[in-house]
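This is the structure, below, for whatever I ask next.
The values are calculated or read from the model by the stated rules, or taken from the named source; none is laboratory data. Note that this is a predicted model, so its numbers are computed, not measured. Every residue, glycine as well, gets a Cβ built from its backbone with ideal geometry; the counts of neighbours run over all protein chains shown. All accessible areas refer to the heavy atoms of the entire protein, side chains included, with ligands and DNA or RNA removed. Shrake-Rupley method; radii C 1.70, N 1.55, O 1.52, S 1.80 Å.
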Amino acid sequence: MAEGGRTLQARALLQQCLHAQLQVRPAEGDVAAQWVEIQRGLVIYVCFFKGADKELLPKMVNTLLNVKLSETENGKHTSVLDLPGDILIIPQATLGGKVKGRNMQYHSNSGKEEGLELYSQFVTLCEKELAANSKCAEAGVVVKHGTYGNRQVLKLDTNGPYTHLIEF
């Protein structure tokens, strides 16, 4: 349950980073692996639960991009939009896991199709928010993202470690 007794719809884990690379397609035969990369900014791991709907997404994006978690050179905390910083979004179904005995169960996670749709819309809203922010547009910051439902390799240089869990 989320705050106030309401049902949990999503969980996001935020990590401040100096640099991150995410392998979105492994090497196959003669074809090299495909990676996406960001510089200083924020890595957002996201998981959606059964019952989550698209009405939640604007609130999630607004909260995650405006919360003052990013650290400036002088130690002041600011939002990733005001930094301005890049964003790497990673679908992370394991955030929905619960321990049962010695195993993990993921029965609360949204179905694959619903999760993919929510994830895709979440990425699009983040991209629109950065594009609409003049400071981000001037700095040329980017939104990169992983592929839903696939195993991915992450290389991350954290600025901390500095990790926050936010539930919706």
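Heavy atoms only, probe 1.4 angstrom, no DNA, RNA or ligands counted: give me Met60, Met104 ranked by accessible area, highest first.
On the way: Met60 0, Met104 90 Å².
Largest to smallest exposure gives the sequence Met104, Met60.
With each pseudo-label sitting 7 Å past Cα toward Cβ, what's the Lys59-Ile166 distance in nm, one decimal?
So the two model labels end up 1.3 nm from each other.
Provide Glu71, Glu55 ordered by accessible surface of protein heavy atoms (probe 1.4 Å), highest first. Could you put the intermediate results ahead of the total?
Numbers: Glu71 60, Glu55 125 Å².
Sorted descending by solvent-accessible area, the residues read Glu55, Glu71.
What accessible area per residue comes out for segment 4-107, rounded to a whole number of Å², with a 1.4 Å probe? Walk me through the numbers on the way to the answer.
Working: 5460 Å² over 104 residues.
Counting only protein heavy atoms, the per-residue value for segment 4-107 is 53 Å².
Here is a further query. Set the Förster distance to 30 Å, then compute FRET efficiency between Trp35 and Glu71 from the Cβ-Cβ distance, nearest 0.05. Don't skip to the answer; put the middle values down first.
On the way: r = 26 Å, r/R0 = 0.86.
For R0 = 30 Å, the calculated efficiency reads 0.70.
Based on the alpha-carbon gyration tensor of segment 11-89 and its eigenvalue square roots a ≥ b ≥ c, which shape applies: rounded if a/c is under 1.5, prolate if not and a/b is larger than b/c, or oblate?
Values: a/c = 3.17, a/b = 1.23, b/c = 2.57.
Here segment 11-89 falls in the oblate category.
Related question: Report, as a whole number in µm² per second, the diffusion coefficient that Stokes-Einstein gives for the chain at 10 °C and 1.306 mPa s using the Kirkwood radius over alpha carbon pairs. Don't jump to the answer; show the numbers that get you there.
Working: Rh = 16.6 Å.
Estimated diffusion coefficient is 95 µm²/s.
While we're here: Can you work out ³J(HN,Hα) from phi for every residue in segment 103-108, in order, using Karplus 6.51 cos²θ - 1.76 cosθ + 1.60 and θ = phi - 60°, giving whole Hz and x for Gly and Pro?
After applying 6.51 cos²θ - 1.76 cosθ + 1.60, I find 10, 9, 10, 10, 5, 7 Hz.
Right, another one. Give me, ordered by chain and number, the residues 5 or more places off Ala52 or on other chains with an amide H under 5 Å from its own placed amide H.
none
What percent do you get for the relative contact order of the chain when only Cα pairs under 8 Å and 6+ apart count? Don't skip to the end; give the middle numbers.
Values: 329 pairs, mean separation 58.6, N = 168.
Normalised by residue count, the contact order of the chain is 35 percent.
Here is a follow-up. If amide hydrogens are placed 1.01 Å from N in the peptide plane, which non-local residues have theirs closer than 5 Å to the one on Asn159?
Under 5 Å from the amide H of Asn159: Gln16, Cys17, Leu18.
Leaving out ligands, DNA and RNA, what percent of the accessible area of the chain is carbon and sulfur, probe 1.4 Å?
Values: 4650 of 9480 Å².
Ligands and nucleic acids excluded, carbon and sulfur reach 49 percent.
A further question follows. Using DSSP to call loops (not H, G, I, E or B), can you name the trypsin sites (Lys or Arg not before Pro) in segment 1-99 whose Cβ has at most 12 other Cβ atoms within 10 angstrom? Can you show the working numbers first?
Values: sites: Arg6, Arg11, Arg40, Lys50, Lys54, Lys59, Lys68, Lys76, Lys98; in loops: Arg6, Arg40, Lys50, Lys68, Lys76.
Those satisfying the criteria are Arg6, Lys68, Lys76.
Moving on to the next point. Per residue of segment 128-145, what does 6.51 cos²θ - 1.76 cosθ + 1.60 with θ = phi - 60° give for ³J(HN,Hα)? Whole Hz please, x for Gly and Pro, Karplus curve as stated.
My calculation for segment 128-145 gives 5, 5, 5, 5, 7, 8, 4, 4, 5, 5, 5, 7, x, 5, 10, 10, 10, 8 Hz in order.
Only four residue types carry charge here, +1 at the Cβ of Lys and Arg and -1 at the Cβ of Asp and Glu. Report the dipole size of the chain about the Cα centre in Debye, rounded to the nearest 20.
Values: 18 positive and 18 negative charges, 122 e Å.
Around 580 debye, computed over the chain.
Setting aside same-chain residues fewer than 8 positions from Lys155, which lysines have a Cα under 25 Å from its Cα?
Lys68, Lys144
Let me ask something additional. Just to check I understand the Karplus step: with θ = phi - 60° and J = 6.51 cos²θ - 1.76 cosθ + 1.60, what whole-Hz values come out for segment 93-101, glycine and proline as x?
Along segment 93-101, the couplings run 4, 5, 5, x, x, 10, 6, 10, x Hz.
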